[in-house]
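Here is the structure we will look at.
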Amino acid sequence: MTKDLKKQAGGTLLGLILGLIIGLGIAVGVALMISKTPLPFTNKTGAQPERSTQLPPATNDLSDPNKPLYGKKQPKPAETTEPATPVAPVVDKSTLAKEKAQAKVEAAAKAESDEKWIYYLQAGAFRERADAENMKAKLALLGFEASVSAYQADTGALHRVRIGPFGQLETMNRVRGKLSDNGVDVAVVRIGK
């Protein structure tokens, strides 16, 4: 039995060395094969392009890489001029006062229009109350409190799922954006006060 152990002792080291030599041989073979193949994006004759280390002559005209995408319409080249020193714009104080007054009028009109309406976001109208409750639960999982209200239509009873009321348009639009980000399509419902 001791003879068998001495015979196998050098097998691991010898196997490791032979594996490294075979792996190195395969790597050299692959490297030679790759170096003999033509470069991609060359002409079909198989001739390799000349590899030049010289840079093209410097010009002030930069070529547009998107030129083939324009089709028949050619955009006007942008004029490259040295930027002048920035000059502060001349502001007429009466114009500035008029703009501020106009902004106040627009803000007042917007606030007045918000006071006339109440906004709701309707996530759906369902024939079955169970479907409406499922939508309400889905909205609750997203963090939105919804209510289900019954409505008698010509075609039968509908169960509407609505979020709201919102007194301001900005608040309603912010919630609408969050719902849209979560994949929930809603309709805006505006009701007079």
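When both residues are 6+ apart or on different chains and their Cβ atoms are under 7 Å apart, which pairs have a first residue that lies in segment 169-193 and is without any contact (Cβ under 8 Å) to a residue 60 or more places away in the chain and surrounded by 15 or more Cβ atoms within 10 Å (Cβ to Cβ), and a second that is assigned to a helix (DSSP H, G or I) and of a type outside the set (Gly, Ala, Ser)?
Note: pairs meeting the criteria are LEU169/ASP114.
I'd like the full set of residues that are surrounded by fewer than 18 Cβ atoms within 10 Å (Cβ to Cβ) and either out of contact with any Ser or Thr (no Cβ under 9 Å at 6 or more places or on another chain) or among the hydroxyl-bearing types (Ser, Thr, Tyr) (or both), limited to segment 127-137.
Let us first name the residues in segment 127-137 that are surrounded by fewer than 18 Cβ atoms within 10 Å (Cβ to Cβ), namely 127-131, 133-134, 137.
Residues satisfying the conditions are GLU128, ARG129, ALA130, ASP131, GLU133, ASN134, ALA137.
Could you grab me the full set of residues in segment 158-181 that are in a helix (DSSP H, G or I) and closer than 16 Å to ALA146 by Cβ? Write out each step before concluding.
Pass one, segment 158-181, residues in a helix (DSSP H, G or I): 169-181.
Across segment 158-181, the qualifying residues are THR171, MET172, VAL175, ARG176, LYS178, LEU179, SER180.
When segment 121-136 is examined, which residues are found to be among the charged types (D, E, K, R) and either over 26 Å from GLY167 (Cα atoms) or in a strand (DSSP E or B) (or both)? Give the steps one after another, and end with the answer.
Of all residues in segment 121-136, those among the charged types (D, E, K, R) come to 127-129, 131, 133, 136.
Scanning segment 121-136 gives ARG127, GLU128, ARG129, ASP131.
Could you please find all residues in segment 138-157 being loosely packed, with under 11 Cβ neighbours inside 10 Å and not in a loop (DSSP other than H, G, I, E, B)? Give the steps one after another, and end with the answer.
So in segment 138-157, the residues loosely packed, with under 11 Cβ neighbours inside 10 Å come out as 141, 143, 145, 150-156.
Matches in segment 138-157: LEU141, ALA150, TYR151, GLN152, ALA153, GLY156.
Read-outs: derived from the displayed coordinates by stated rules, not from any lab. Owing to the predicted nature of the structure, the values given are computational and were not obtained by experimental measurement. So basically every Cβ, Gly included, is an ideal-geometry build from the backbone, and we count neighbours across all protein chains shown.
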